[in-house]
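Read through the structure below, which is laid out as structure tokens, and then see the notes.
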């Protein structure tokens, strides 16, 4: 069985296990997803979802965020950790969207990663979830799963992204990333693998020998 064949089997296995592939962050548009994802750095999605309702009520779009006092944003996101840096980035994101992108969140990775504090992980998430483009969101669960399944041999996010773009069907890649997060939390966790409950155990390199 080739590596690409095993990737297809993994895609199909996770589709059956998690029919609904959705982002765990709460948002209503591209700007709110961008903000929520920036807040999620070194913070749980659950905590972010507790913080964003008040934040989005005060600053629901790029125009309002661009004019927000940084101290006000800091107070609203304080429990997310690294709040001073994140507040500065959020206001900067709002300002840059208004001045350089005519008030609209850009739809390419190249443009998105120009925004303050926005890396490829966040850019891929926005491109995939909002704009429907093929995306590979390389969060820790995704990278761990791809290594354990033998699809990649790297913990470098960009290297993992580039490798998996070649292996994943473009129309399946974004949803596979979301399902990897759920799988990484439920079964193939960082601390322990529950192989007895894994739908991919029969073709996982930890159980069988593959090139």
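The values are calculated or read from the model by the stated rules, or taken from the named source; none is laboratory data. Keep in mind that what you see is a predicted model, and the values were worked out from it rather than measured. Positions of Cβ are generated from backbone atoms using ideal geometry, with glycine treated the same way; all protein chains shown enter the neighbour counts.
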Options 151, 142; residue that is within 17 Å of residue 8 (Cα to Cα), at pLDDT 95 or above, assigned by TED's automatic domain parsing to the domain that holds residue 13 and not in a helix (DSSP H, G or I): 151
Residue within region 147-167 that is touching a strand residue (DSSP E or B) at 6+ places or on another chain (Cβ under 7 Å), surrounded by 23 or more Cβ atoms within 10 Å (Cβ to Cβ) and touching a residue at least 24 places away in the same chain (Cβ under 8 Å) present: no
Flag for residue 166 being outside any helix (DSSP H, G or I) and either under 12 Å from residue 11 (Cα atoms) or modelled with pLDDT of 90 or more (or both): no
Subset tally (residues that are assigned to a helix (DSSP H, G or I) and either touching a helix residue (DSSP H, G or I) at 6+ places or on another chain (Cβ under 6 Å) or not assigned by TED's automatic domain parsing to the domain that holds residue 13 (or both)) for region 184-200: 2
Any hit, region 101-109, residues being farther than 19 Å from residue 125 by Cα, part of a helix (DSSP H, G or I), in contact (Cβ under 8 Å) with a residue 24 or more places away in the chain and assigned by TED's automatic domain parsing to the domain that holds residue 45: no
Test: residue 2 is out of contact with any helix residue (DSSP H, G or I) (no Cβ under 9 Å at 6 or more places or on another chain) and closer than 22 Å to residue 161 by Cα: yes
Hits in region 49-84 (condition: outside any helix (DSSP H, G or I), without any contact (Cβ under 8 Å) to a residue 12 or more places away in the chain and within 16 Å of residue 27 (Cα to Cα)): none
